[in-house]
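Working notes for the structure below.
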Amino acid sequence: MMNAKQLSLNATLLALLIILGMMPPIAVGLPVPIVLQNFGIFLIAGLLNTRSATLVIATFLTLTALGLPLLSGMRGGLPVMIGPTGGYLLGWLLTPISVAAVQRLLATKTVPSLWALLLGGMFVTDLAGTIWLTIFYHTPFTVALLSNLVYIPGDLIKIVACSVVLTAVNRAVSFK
C-alpha cells in the first residue's frame, strides 16, 4: 500500500515524464528518434525504489498504448508501441530493475556509481531496442546494434546531467 507522499512523488515524476515528451524528437535518419524522455526514465529509476519506478513507467506506457500522445512528437497508441520504438519502450520498463541490480552490486551511492547505474539502464534500453529492431526489420543483430551508436553521445550527456541531479537530490532527501 502506498502512502500519500509516495503516491504524490510517483504522480509528480509521471508528470515530468509526460512534460519531457513535449520536447520535440531529433530525427537521425533512423526510425527511432533521439528523445529527452530517457532522461526522465533514468531519473525515475534513480530516485524511486524499483517497485515504484516500474509502476510509474508502466503507467506511462499503458497510457501511451491506450492512445494518449505522450511520447516525443506527440505520438501514442498501440501501433507506436509495437513499431520500431517498441523495444526501447520495453527497455524503459526494464530500466528500474537493471538499475536496482547494479546498485546492489555496487552497494554505494557515489557519483561514479550513479553513472554505472544509469549506464546499466542505458545498456538495457539499447539492448532491448536492438533485439526488437532485429526482429522488427529482420536485420542482423550486429547491424541493429551498430545503428544504436548514434544514440550513445546523447545518452551519455543525459546520464551525466541525471547523475548531477540525482547526487544533489540524494544529498537533500531520500525517496527510497
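Each value in this text was obtained by applying a stated rule to the coordinates, not by laboratory testing. All figures in this text were calculated on a predicted structure; none of them were measured in a lab. Because the Cβ atoms are built from the backbone with ideal geometry, glycine has one as well, and the counts that use them run over all protein chains shown.
Dividing the summed helix terms, -39500 (n - 2.57) for each DSSP H run of n ≥ 4, by the number of residues in the chain produces a 222 nm estimate of -23000 deg cm²/dmol to the nearest 500. Here the Karplus relation 6.51 cos²θ - 1.76 cosθ + 1.60, evaluated at θ = phi - 60°, turns the backbone of segment 73-80 into coupling constants of x, 6, 9, x, x, 4, x, 5 Hz, with x for every Gly and Pro. What the phi angles of segment 13-29 give under the Karplus curve with 6.51, -1.76 and 1.60, with θ = phi - 60°, is a coupling list of 6, 5, 4, 4, 4, 5, 5, 4, x, 6, 6, x, x, 9, 6, 10, x Hz, glycine and proline written as x.
Relative to a virtual label point 7 Å from the Cα of residue 150 in the Cα→beta-carbon direction, which members of segment 69-110 show backbone nitrogen distances below 18 Å? Counting only backbone N, you get 72-73, 83-89. Spatial offset of segment 121-176 relative to segment 60-85 amounts to 19 Å, using the alpha carbon center of each.
With 5 Å bins beginning at zero, the pair-distance distribution over Cα atoms of segment 53-176 amounts to 2, 11, 16, 21, 20, 16, 9, 4, 1, 0 %.
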